[in-house]
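See below for the structure under consideration.
The values are calculated or read from the model by the stated rules, or taken from the named source; none is laboratory data. Everything quoted here is computed from the prediction, not taken from an experiment. In this analysis, Cβ positions are derived from the backbone assuming ideal geometry, glycine residues included, and neighbour counts consider all displayed protein chains.
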Amino acid sequence: MVYLVGAGPGDPRLITVKGLECIKKADVLIYDYLVNVDLLKVAKPNAEFIYVGKQGGAHTLEQDEINNLLVKKAQEDKIVTRLKGGDPYVFGRGGEEAIVLYENHIPFEVVPGITAAIATPNYAGIPVTHRDFTSTFGLITGHEDPTKDESSIDWSKISTGIGTLAFYMGIKNLPYITEQLIKHGRSKDTPVAVIRWGTTAQQKTVVGTLETIVQKARDIRPPAITIVGEVVKLRNQLNWFETKPLFGKTVVVTRSREQASEFADQLYEYGARVIEFPTIEIAKPDTIQPLDDAITNIHAYDWLVFTSINGVDSFFQRLLELGKDIRDLKGIKFCAIGPATEEGIRRYHIKVDCRPPKFVAESVVEELKKVTVIKGKKFLLPRADIARSFLPEELEKLGGKVADVVAYKTVMAQPKDINLVDKIKHGEINFITFTSSSTVRNFVQIIGEKNIASLNGKVQYASIGPITTQTAEELGFRITIKAKEYTIPGLVNAILESSIPHSDS
Ligand code: SAH
């Protein structure tokens, strides 16, 4: 079975529900240059990925080879999902691939996608039709097959016969296209927009007229689409995407891959481009015995105190692995350091009895003092191997009995080879975020201590809370953005505030 799937124009959330299902069930994924690779994250872990990127003239595989590959993989009884940018049948050679499948008696389905001519002007503030401006809309290739003898585009008809014109693959030919349109009767004052990497955080839009656009868009390289027509004027009112507060900004997220997505999603809402650069990985502790002993004797404890969602998940995973479940926790009180940890506990259908107003260990002690007598109580703290000693020490000073057990350990992630230091030096990164002291320490390890000082001032460092800030400053970072509330939403807010220009009044 082969699914020819339109992956949409760039923003990975613009794929169809059906398209996403085809990615999830595929044994083999064959994808192009314009397909956002974030979409591949939902594929099965053992799926095979084959990149057949076509970028301008440089093909990794020729079209014949792609066709043969589809046939071969399908004949191996695999579910093949062929992902193409935009819609498979709009200038995507999807028709050719489908015919080859038909000729080889291979069952196939074609899943439509949102094509660039519809999605990218939208994200640039341009509706392709509007009653006051135009009732017609044409999709045109700006790059005719070079082997064709004569143009199959009837310029005399499209120049004045269609209101909105969208030219795909037309950047190199822009001088020719504008010349033909003017020559065949379109006013030289007709508004034109050229949109590059539309619907992504790297979107760039240049606006001009048929007369001026060649000059104005001279620095724009493919992939870009050209929109010609009066509707382009509506961009002044309808530009909802490029006006998002973090549009055009790049934010590096250093927390573990498992935890990055919630943060990345919030940054995406504000239009930021997110680079995931995990510095830590969550792993099982070197020895699980202390946690196992604590769980076996769980009824000896009065309080379970969690200082991170990783602690929660590691604890409950082990509880279940030992053949127990939440019924074995009856009567024990729960404390969570902050809202994310609380939410993590609630997912196991357990209500939290204590949550401090400030999300640091100091505040946990204060709050616990309010809700219970600490003296004589037994506290279990399933935590990271490198957790601070403050909390157990304070509780013990107050007469509590504390079992501080290692529920998980954080290890340094394998650095991703994305030339982060070069990108920072070239001003391509706006913010680097630290969400714990270990993200700071590992970041230093990965990018090298000698680089830290030279990067101050080139990028803004943002910290989730005072302990993280202290660690960072000790290691030579200048932290310019500090979350007021020590949570991910608090950190996102601090970044937002720092990027809104302050008025002097
Ligand atoms: N099947 C695709 C089009 C493939 S042809 C679709 O339906 O959108 C490739 C051309 O599409 C590019 O040269 C460019 O003109 C346009 N294009 C595709 N994605 C784009 C994007 N995100 N931004 C701007 N143009 C894009």
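Descriptive notes on the structure:
- Within the stretch 294-314, if we keep just the residues that are touching a Ser or Thr at 6+ places or on another chain (Cβ under 9 Å) and β-branched (V, I, T), the residue that is surrounded by the most Cβ atoms within 10 Å (Cβ to Cβ) turns out to be V312.
- When residues of the stretch 366-417 are limited to those that are polar (S, T, N, Q) and closer than 30 Å to Q445 by Cα, the one modelled with the highest pLDDT: S389
- Tabulated pairs, the stretch 163-176, first free of Cβ contacts under 8 Å to residues at least 60 places away in the same chain, second part of a strand (DSSP E or B) and buried (at least 17 other Cβ atoms within 10 Å of the Cβ), C-beta under 7 angstrom, 6+ apart or interchain: G170/T226; I171/A224; L174/T226
- Helices (runs of 4 or more DSSP H) wholly inside the stretch 346-439 containing at least 1 residues that are among the acidic types (D, E) and closer than 30 Å to R327 by Cα: 361-371, 390-397
- Pairs are defined by a Cβ separation below 9 Å, a sequence spacing of at least 6 or placement on different chains, a first member in the stretch 117-130 that is on the phi < 0 side of the Ramachandran plot, and a second member that is part of a helix (DSSP H, G or I) and near the ligand (Cβ under 9 Å from one of its atoms); the pairs so defined are I126/T120; V128/A117; V128/I118.
- Scan of the stretch 298-324 for residues that are modelled with pLDDT of 95 or more and part of a loop (DSSP other than H, G, I, E, B), ordered by number: Y301, D302, L322, G323, K324
- K18 being in a helix (DSSP H, G or I), under 26 Å from the mean Cα position of the chain (by Cα) and not acidic (D, E): yes
- Selection status of Y31, crowded, with 17+ Cβ neighbours inside 10 Å and within 13 Å of the ligand (Cβ to nearest atom): yes
- Taken over the stretch 218-238, the residue count meeting the criterion of being surrounded by fewer than 23 Cβ atoms within 10 Å (Cβ to Cβ) and either within 16 Å of the ligand (Cβ to nearest atom) or among the hydroxyl-bearing types (S, T, Y) (or both) is 6.
- In the stretch 79-110, the residue that is farthest from the ligand (Cβ to nearest atom) out of those that are of a type in the set (A, V, I, L, M, F, W, C) and crowded, with 24+ Cβ neighbours inside 10 Å is V80.
- Some residue of the stretch 195-209 being within 16 Å of the ligand (Cβ to nearest atom), in a strand (DSSP E or B), more than 24 Å from the chain's Cα centre (by Cα) and surrounded by fewer than 23 Cβ atoms within 10 Å (Cβ to Cβ): yes
- L291, sole failed condition from (1) at pLDDT 95 or above; (2) in a helix (DSSP H, G or I); (3) surrounded by fewer than 22 Cβ atoms within 10 Å (Cβ to Cβ): (3)
- Of all positions in the stretch 170-177, at least one carries a residue that is assigned to a loop (DSSP other than H, G, I, E, B), within 16 Å of the ligand (Cβ to nearest atom) and touching a Ser or Thr at 6+ places or on another chain (Cβ under 6 Å).
- Filter result (in contact with a Phe, Trp or Tyr (Cβ under 7 Å, 6 or more places away or on another chain) and in a helix (DSSP H, G or I)) within the stretch 60-98: G95, A98
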